[in-house]
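The values are calculated or read from the model by the stated rules, or taken from the named source; none is laboratory data. Just so we're clear, the structure is a prediction, and the values are computed from it rather than from any experiment. Note: ideal-geometry Cβ built from the backbone for every residue, glycine included; neighbour counts use all protein chains shown. Keep in mind that these areas ignore ligands, DNA and RNA; they rest on the heavy atoms of the full protein, side chains included. Shrake-Rupley method; radii C 1.70, N 1.55, O 1.52, S 1.80 Å.
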Amino acid sequence: MSGPKLFEPFEVGGLSLANRIVIAPMCQYSAEDGCMTDWHLIHLGQLALSGAALLTIEATAVEPEGRITYADVGLWDDATEAAMARVLESVRRHSDMPIALQLAHAGRKASTDLPWHGGKQLAPDHANGWQTVAPSPLAFAEGENPPAALDRDGLTRVRDAFVAAAHRAARLGIDAVQLHGAHGYLLHQFLSPLSNRRDDEYGGSLENRLRFPLEVFDAVRAAFPADRAVTMRVSGSDWVEGGWDAEQTIAFAQALETRGCAAIHVSGGGLDPRQEIPVGPSYQVPLARAVKQAVSLPVVAVGLITDYEQAEAIVGTGDADLIALARTILYDPRWPWHAAAHLGGRVKAPDQYLRSQPRQYRSLFDVEGSAES
């Protein structure tokens with residue numbers, strides 16, 4: 001009898017993964033002027049020992065105005081690059097888990113307060129606020145300061161900021177780059193007809209709305225080393241009538257595939273406060289399944305994946321190639337260990353922790369690279 005599919009190796013754009021579990025990017029709102037701090041070292045360090053196959057660094061702004069909050073991580077200058085290098089050096093000293101980086105721009109959802117302070121938008125004249133930008137001058141929520149519509153020079157600046165950040169990521173030895181085209185942030189704002197009301201070649205038809213995100217992808221793909229993966233995260237639906245949906249997501253995924261995208265990570269929502277999301281276990285998996293059936297590039301599913309059998313079923317039935325964990329692995333940083341124990345799989349653990357292997361799971365840590373316990 002074969003072992004669990006969840007713990008079979010997989011390859012994404014030349015990057016070898018030990019299993020099908022990836023750690024999704026999760027904002028920590030703990031940076032200082034875009035620079036990572038000791039919190040990121042603790043946070044990423046523990047996740048790098050989790051037994052997952054890939055660790056993805058949180059949404060990293062390509063310019064200061066692209067941050068969701070004033071405490072977001074950035075990669076736009078030498079100081080932010082040096083801070084990230086320090087964290088990566090320490091994490092890599094004790095973990096060989098591949099590390100990806102999500103490059104992002106929040107667009108009209110930028111300039112907000114910290115979530116635990118309410119997360120409300122901060123006005124441009126606030127000490128921690130600034131003027132936001134977007135495809136069109138439409139605020140995210142009623143009563144908010146509207147964004148400035150990006151003109152041609154603005155589009156070029158943003159695209160070049162993604163490219164510059166990709167060059168910095170390459171210097172840092174990042175194994176893969178993910179572009180954030182989901183959750184209502186800037187690239188998603190161009191994709192959705194609800195937020196993109198432009199009347200130039202970047203708005204209107206689906207082809208036009210895809211144009212800027214694809215230009216950014218092409219530019220980053222050209223800037224990042226050819227032997228390293230560039231992937232995209234998308235929202236498979238706005239969950240609002242007349243908005244971005246699964247059919248348009250498939251068209252976007254097919255366009256990305258022809259351009260050398262290594263994988264697509266399918267999430268959902270985040271663009272419009274009117275969204276009506278049917279939240280429940282695996283609620284976004286159908287969005288991933290629809291894309292999986294239409295393209296040949298690897299697909300990542302995410303969203304309330306908490307149960308071991310549930311995760312195994314998603315990859316075992318072919319709904320997706322990989323599953324991503326976010327809140328689940330914050331709550332239980334050893335989730336991959338526990339899943340392997342439950343399903344009869346094997347997982348890698350650091351030598352210092354090998355003696356923790358439970359007596360009833362004598363082969364749990366019995367993988368190449370682990371010392372004898």
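Estimated at the nearest 10 Å², the accessible area of residue 259 is 90 Å² with a 1.4 Å probe.
One Cα centroid belongs to the range 70-145, the other to the range 300-373; the line between them spans 30 Å. Per-residue 3J(HN,Hα) values for the range 52-57, derived from phi via the Karplus relation 6.51 cos²θ - 1.76 cosθ + 1.60 with θ = phi - 60°, read 5, 8, 8, 10, 10, 5 Hz in sequence order (x marks Gly and Pro). For the range 282-297, 3J(HN,Hα) computed residue by residue from phi via the Karplus equation (6.51, -1.76, 1.60; θ = phi - 60°) reads 6, 4, 9, 4, x, 5, 5, 4, 4, 5, 4, 6, 10, 9, 9, 6 Hz, glycine and proline entered as x. Solvent-accessible area of residue 237, all protein chains in place: 20 Å² (probe radius 1.4 Å, heavy atoms, ligands and nucleic acids excluded).
When the Kirkwood hydrodynamic radius is evaluated over all pairs of different C-alpha atoms of the range 201-251, what value in angstrom, to one decimal, is obtained? Walk me through the intermediate numbers first.
Working: mean 1/r = 0.0800 Å⁻¹.
One decimal place: 12.5 Å for the Kirkwood radius.
Computed packing ranks the peptides 78-91, 335-348, 220-233 as 335-348, 220-233, 78-91, most packed first, by mean other Cβ atoms within 10 Å.
Taking a straight line from the alpha carbon of residue 120, these aspartates and glutamates sit under 13 Å away, with near neighbours fewer than eight places off in the same chain left out: 142, 144. Using alpha carbons only, how many degrees (0 to 90, rounded to 10) separate the axis of helix 78-94 from the longest principal axis of the chain? Compared with the principal axis, the helix lies near 10 degrees. By the Cα gyration tensor, the range 1-149 has an equivalent ellipsoid whose semi-axes, rounded to whole angstrom, run 33, 18, 13 from largest to smallest.
Can you tell me the FRET efficiency between residue 254 and residue 362 if r is taken as the Cβ-Cβ distance and R0 is 30 Å, rounded to the nearest 0.05? Walk me through the intermediate numbers first.
Details: r = 46 Å, r/R0 = 1.55.
So the FRET efficiency works out to roughly 0.05.
Put simply, the amide H of residue 148, placed in the peptide plane, has neighbours under 5 Å in 132, 133, 134, leaving out anything fewer than 5 places away on its chain.
Going by accessible surface with a 1.4 Å probe and the largest first, 41, 122, 304 read 304, 41, 122.
Quick one: accessible area per residue over the chain, 1.4 Å probe, rounded to a whole number of Å²? Could the numbers behind the result be given before it?
Working: 15520 Å² over 373 residues.
Computed with neighbouring chains in place, this is 42 Å² per residue.
Distant-in-sequence amide contacts of residue 102, defined by a placed amide H-H separation under 5 Å and a gap of 5 or more residues or a different chain, comprise 57, 60, 178. Over the chain, with a Gaussian network built from C-alpha contacts below 10 Å, which listed residue (153, 113, 77) shows the highest mean-square fluctuation? Fluctuation is largest for 153. Straight-line reach from residue 5: taking Cα to Cα under 24 Å and skipping same-chain neighbours fewer than 8 places apart, the lysines in range are 292, 348. Per the Debye calculation on the chain with a single equal scatterer at every Cα and no solvent contribution, log₁₀ I(q)/I(0) for q = 0.11, 0.15 Å⁻¹ amounts to -0.73, -1.36. Ranking 331, 361, 308 by solvent-accessible area of protein heavy atoms (1.4 Å probe, all protein chains present), from largest to smallest, gives 331, 361, 308.
Taking Cα centroids, how far is the range 197-248 from the range 255-277 in Å? Rounded to whole Å, the Cα centres lie 8 Å apart. Taking all protein chains as they are arranged and a probe of 1.4 Å, the heavy atoms of residue 207 leave approximately 130 Å² accessible to solvent.
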